[in-house]
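Only one structure is covered here, and it is reproduced in the block below.
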Amino acid sequence: MAGIIIDAKVDRIQVPENLRYFRLIEEQKERCAEIGCNGQMFKFGLGQSPFPVPAPLQKALSLHSGKGTYADPIGNTELREAVASFYKKNFRLDIEPYRVITGHGAKGLIFSLFTLLTGSVIIPSPGWLGYLPQLRILNVPYYRLYTHGAGNFKVRPNTLEAMLKGLVKTQHLLILNNPGNPTGALYSREELTAIADVCRKYHTFILSDEVYGLLTYDPESFVSMGEIYPEGTFVIHSLSAGMGAGGFRLGSCIMPEGSSPAIIRDVAKIAATIYTSSAVPIQEAGIAAYRSENEMDQYLDAVRNILRIMTTRLARLCSDTDGIRVTIPKAGFYFMIDMNPMANLLQNAGIMYSNDLAPALISHPYHIATVTGEAMMAPYGDFFIRIAATDFDGEEALLEYLERSPASDAEEEIFFTKYGSDMIEGIRMFKKWVTDIRDGSFRFSAP
């Protein structure tokens, strides 16, 4: 029998960041075992909440675990009403429940939207890798919109307009990740308004990926693009980041204001074709999460403050390293290191391209595991590193914070030192790596 023939487009799909990250660690462990090294791996790559699944979700899942029937592809009525109420309370979006679509995680919903819409897609770079493979699977045309440190790696309206002017006069879709992955940056109301004005002018919709919105350190500072540009924005959210339930695979999308019932039916048709529906017990857990106001408010307040303590302090600890630039996050558990000021030194050390950074960082004796290069949609010639501040005992940290939250900057520093010790040591090792590059004692040799 002849061998299996693979479609050529599969080769154009980058390995998802989580698979790439785990392979990186396992391969380095194998190399270390050959030389008798069992040193600590400093894990800065896994973009997953370190906190336990909130009690209301766990309880609801247990109570409804016997429900094995098929569900509505875009979510049952009670769930969609719960999401609409949650958005009104938390994000100031007064939306009709019929505009709420739920599905198999944010990724599943995004894939459905890419299938639904015609026209080209504009993706800011650097950014989250997850959009690009889906577009390649679907053969959807796309353009990368490069962002720069001078603007904190945010989309600039004038740059966006310059790109849209040069494109075919048809429908387009801009992906806007707010708060940002990998930078932790947050768009202001004024910035969002300026972007929306450009999009209105050029018949461009926005897919506003707001999965980290609940993790904004100052909740009042978060503004949803759905509030600014309601007629042109698809707002994406999920249980993954804010509610510690990535494995539950339940996401939601607020469709643009004025979406017709026919468009909602089209989304349902696509969703039913791709994944049938979200599991009923998961939908029930989602209802509990969105309706457990006091308990979820307490959980979210603690989680966002713990992440603020951990992530901003880790970023500042990193930022005093000569020759690099660091984004100081306003939300989530990521920040980004820009090593382009050291480009010549990196290349002298054998780190020629952005994809070389990850294997160089994890090499012995540094053992720093993180995401770099095309795994964060960085151009080959730009040296960016994404740091995920998630390698700590989230359950223990949450219990202590709920029992007695730090009441001063000094107490927050003690909390950070106690729970962030492995990450602090990892940043110290990163600084050593930078020093070794500077003095010429590190030389990268591709494995």
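Evaluated against (1) under 19 Å from Leu307 (Cβ atoms); (2) buried (at least 17 other Cβ atoms within 10 Å of the Cβ), Phe442 falls short on exactly one condition, (1). If you check Arg31, Arg20 for being part of a helix (DSSP H, G or I) and under 30 Å from Val140 (Cβ atoms), only one passes: Arg20. Going by the conditions given, is Met225 open to solvent by less than 10 Å² (accessible area, probe 1.4 Å) and more than 16 Å from the chain's Cα centre (by Cα)? Taking the combined requirement at face value, the residue satisfies it.
For the range 37-54, how many residues meet the condition of being modelled with pLDDT of 90 or more, open to solvent by 70 Å² or more (accessible area, probe 1.4 Å) and in a loop (DSSP other than H, G, I, E, B)? Looking only at that region, the number is 1.
Within the range 136-164, the residues that satisfy the criterion of being at pLDDT 95 or above, assigned to a helix (DSSP H, G or I), more than 23 Å from Cys253 (Cβ to Cβ) and not acidic (Asp, Glu) are Pro157, Asn158, Thr159, Ala162, Met163, Leu164.
Pairing residues of the range 397-415 that are without any contact (Cβ under 8 Å) to a residue 40 or more places away in the chain with residues that are open to solvent by less than 30 Å² (accessible area, probe 1.4 Å) and not aromatic (Phe, Trp, Tyr), at Cβ distances under 9 Å and at least 6 apart in sequence or on separate chains, gives Ile414/Pro406. Considering only residues that are open to solvent by 40 Å² or more (accessible area, probe 1.4 Å) and of a type in the set (A, V, I, L, M, F, W, C), which ones fall in the range 126-162? Result: Trp128, Ile137, Leu138, Ala150, Ala162.
In the condition set (1) over 30 Å from Leu132 (Cβ atoms); (2) of a type in the set (A, V, I, L, M, F, W, C); (3) open to solvent by 10 Å² or more (accessible area, probe 1.4 Å), Ala397 is compliant with all but (3). Looking at Ala106, Ala82, Ala71, just one residue is in a helix (DSSP H, G or I), closer than 23 Å to Gly246 by Cβ, open to solvent by less than 40 Å² (accessible area, probe 1.4 Å) and out of contact with any Phe, Trp or Tyr (no Cβ under 9 Å at 6 or more places or on another chain), and that residue is Ala106. Scanning the range 249-277 for residues that are more than 16 Å from Leu113 (Cα to Cα) and either of a type in the set (Ser, Thr, Tyr) or more than 24 Å from the chain's Cα centre (by Cα) (or both) returns a single hit, Gly258.
The residues of the range 55-66 that are surrounded by 13 or more Cβ atoms within 10 Å (Cβ to Cβ) and within 11 Å of Glu284 (Cβ to Cβ), listed by number, are Pro56, Leu57, Lys59, Ala60, Leu61, Leu63, His64, Ser65.
Here Leu398, Leu402 are screened, and the one residue that is under 20 Å from Ala241 (Cα atoms) and either aromatic (Phe, Trp, Tyr) or over 25 Å from the mean Cα position of the chain (by Cα) (or both) is Leu402. Contact map, the range 1-20: residues that are surrounded by 10 or more Cβ atoms within 10 Å (Cβ to Cβ) paired with residues that are β-branched (Val, Ile, Thr), Cβ distance under 7 Å, separation 6+ or inter-chain. Pairs shown: Lys9/Ile137; Ile13/Ile137; Glu17/Val371.
The residues in the range 403-433 that are within 22 Å of Gln298 (Cβ to Cβ) and either part of a loop (DSSP other than H, G, I, E, B) or of a type in the set (Asp, Glu) (or both) can be counted, and the count is 8. Here Ile274 clears all of (1) part of a helix (DSSP H, G or I); (2) closer than 20 Å to Phe51 by Cβ except the condition numbered (2). Residues that are of a type outside the set (S, T, N, Q) and open to solvent by 40 Å² or more (accessible area, probe 1.4 Å) within the range 334-384 comprise Pro341, Leu345, Met352, Tyr353, His364, Pro365, Glu374, Tyr380, Gly381, Asp382, listed in sequence order.
With respect to Ile95, determine if the residue is open to solvent by 10 Å² or more (accessible area, probe 1.4 Å) and either in contact with a strand residue (DSSP E or B) (Cβ under 7 Å, 6 or more places away or on another chain) or modelled with pLDDT of 95 or more (or both). Yes, satisfied. For the range 270-292, residues that are small (Gly, Ala, Ser) and in contact with a helix residue (DSSP H, G or I) (Cβ under 6 Å, 6 or more places away or on another chain) total 6.
Is it the case, given these coordinates, that Ile270 is β-branched (Val, Ile, Thr) and open to solvent by 60 Å² or more (accessible area, probe 1.4 Å)? Judged against the criteria, Ile270 is not a match.
The values are calculated or read from the model by the stated rules, or taken from the named source; none is laboratory data. Quantities reported herein were computed from a predicted structural model and do not represent experimental measurements. We place every Cβ from the backbone using ideal geometry, glycine too, and count neighbours over all the protein chains shown. For the accessible areas, the whole protein counts, side chains as well, though only heavy atoms, and no ligand, DNA or RNA atoms are used. Shrake-Rupley method; radii C 1.70, N 1.55, O 1.52, S 1.80 Å.
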